[in-house]
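Student: The structure's right below; bear with me while I get my questions together.
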Amino acid sequence: MRCPNNRCQADNAPHQSRCVACQTPLTGGPGAAGGHGAPPFGMPARRQPTVVDAPAQEQARPNEAPPPFFERPRPGAQQPSQQPAAPRRQPTVDDIPAQPQNPSPFAAPQPAFYQRPAPAPPPQPAVVASVTPRAKTVLVGSHSPAPRRLRAVLVEYRSPEDPGRVHFLRDGRNAIGRDEECEVRSDDASVSKTHAFIYVDPDGMRLVDNSQNGTVVDGRTVRGAQVSLTAGSKLDLGGARYVFVPIPPPFEQ
């Protein structure tokens with residue numbers, strides 16, 4: 001007879017009431033109700049187990065190795081009580097964590113911590129610096145420089161249609177050029193900003209060239225040098241001619 005234990009399934013003799021391998025009661029054995037044969041002499045008849053009976057403890061198989069020593073229960077040790085697990089509660093809507101709202105794609109991103117502006121320092125008390133008044137110089141009377149005396153003129157001649165004009169020369173240095181501060185101003189592009197200087201001194205009158213193109217004085221080109229001027233000296237600068245005319249002493253102003 002085959003053992004009803006699905007894990008054993010061993011073949012037993014017809015007169016056996018239990019399986020020789022796992023000691024599981026055999027259905028229809030000699031000790032069961034309606035079984036074949038009688039129980040051995042002196043042994044009570046065995047009843048057929050029912051579903052209310054506790055299952056017999058499964059013994060180890062003969063060919064199964066015993067567990068290692070560290071897995072065996074110690075003698076006298078209490079086995080941990082197995083309490084039934086609490087029934088698992090079904091999740092509800094309240095258990096779902098709130099999801100953060102998606103930020104707007106047009107919202108400006110938050111700056112990183114190292115890009116955030118530093119906190120403003122606490123206000124410092126205002127420091128009032130003592131201002132020492134500067135000394136003032138008071139001028140008594142008139143100390144304006146004496147006006148420069150008129151000593152000569154340069155008569156400009158351009159063409160018969162444009163006779164030009166008259167330029168006044170005074171004591172000291174008189175500049176000739178395109179600069180607005182020159183005493184004798186010319187609009188010709190070939191004339192430098194400070195082309196030449198005419199010095200009118202008691203010792204004499206002379207022209208000092210200060211240009212790259214030079215100045216023609218009485219038909220002679222002067223570059224970076226000085227030449228004396230006399231009454232009627234002709235100066236050629238650009239496209240104009242100047243005639244030097246000194247003023248006699250009785251008419252000087």
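Student: Step through the residues of the stretch 233-245 one at a time and calculate ³J(HN,Hα) from phi using the Karplus curve (6.51 cos²θ - 1.76 cosθ + 1.60, θ = phi - 60°), rounding each to whole Hz and writing x for Gly and Pro.
Tutor: Running phi through 6.51 cos²θ - 1.76 cosθ + 1.60 with θ = phi - 60° gives 5, 9, 10, 10, 10, x, x, 10, 10, 10, 10, 8, 10 Hz.
Student: Hey, rough spin-label estimate for ASP187 and ASP171, points 7 angstrom out along Cα→Cβ, what's it come to in nanometres?
Tutor: Taking the simple label geometry, ASP187 and ASP171 are separated by 3.4 nm.
Student: Another question, if that's okay. Using each residue's phi in the stretch 164-181, evaluate 6.51 cos²θ - 1.76 cosθ + 1.60 at θ = phi - 60° and report the 3J(HN,Hα) Karplus result to the nearest Hz, with x for Gly and Pro.
Tutor: Values, residue by residue: x, 8, 10, 10, 9, 10, 10, 4, x, 9, 10, 8, 10, x, 8, 6, 5, 8 Hz.
Student: How do 187-194, 112-119 rank on mean C-beta neighbours within 10 Å, highest first?
Tutor: Put in order of decreasing packing, that is 187-194, 112-119.
Student: Given H placed 1.01 Å from N in the peptide plane, which residues other than close sequence neighbours of ALA196 have an amide H under 5 Å from its amide H?
Tutor: Residues meeting the criterion, in which the H sits 1.01 Å from N, are ILE176, ASN210.
Student: Here is a further query. Which shape class applies to the stretch 143-251: rounded if a/c is under 1.5, otherwise prolate when a/b exceeds b/c and oblate if not, where a ≥ b ≥ c are the square roots of the Cα gyration tensor eigenvalues?
Tutor: rounded
Student: Compute, for LEU26, the solvent-accessible surface of its heavy atoms (probe 1.4 Å) with the complete set of protein chains present, and express it in square angstrom to the nearest 10.
Tutor: 10
Student: Oh, and also: Could you state how much accessible area ASP201 has, in square angstrom rounded to the nearest 10, with a 1.4 Å probe and all protein chains kept in place?
Tutor: Taking all protein chains as shown, ASP201 has close to 40 Å².
Student: Got a sec to turn the phi values of the stretch 8-19 into Karplus ³J(HN,Hα) couplings, 6.51 cos²θ - 1.76 cosθ + 1.60 with θ = phi - 60°, whole Hz, x for Gly and Pro?
Tutor: Here the 3J(HN,Hα) series is 9, 6, 7, 8, 10, 6, x, 8, 7, 9, 10, 6 Hz.
The values are calculated or read from the model by the stated rules, or taken from the named source; none is laboratory data. Everything numeric in this text was worked out from a predicted model, so none of it was measured. Neighbour counts run over all protein chains shown; Cβ positions are idealised from the backbone, glycine included. Please note that ligands, DNA and RNA were not included when accessible areas were found on the heavy atoms of the full protein model with its side chains. Shrake-Rupley method; radii C 1.70, N 1.55, O 1.52, S 1.80 Å.
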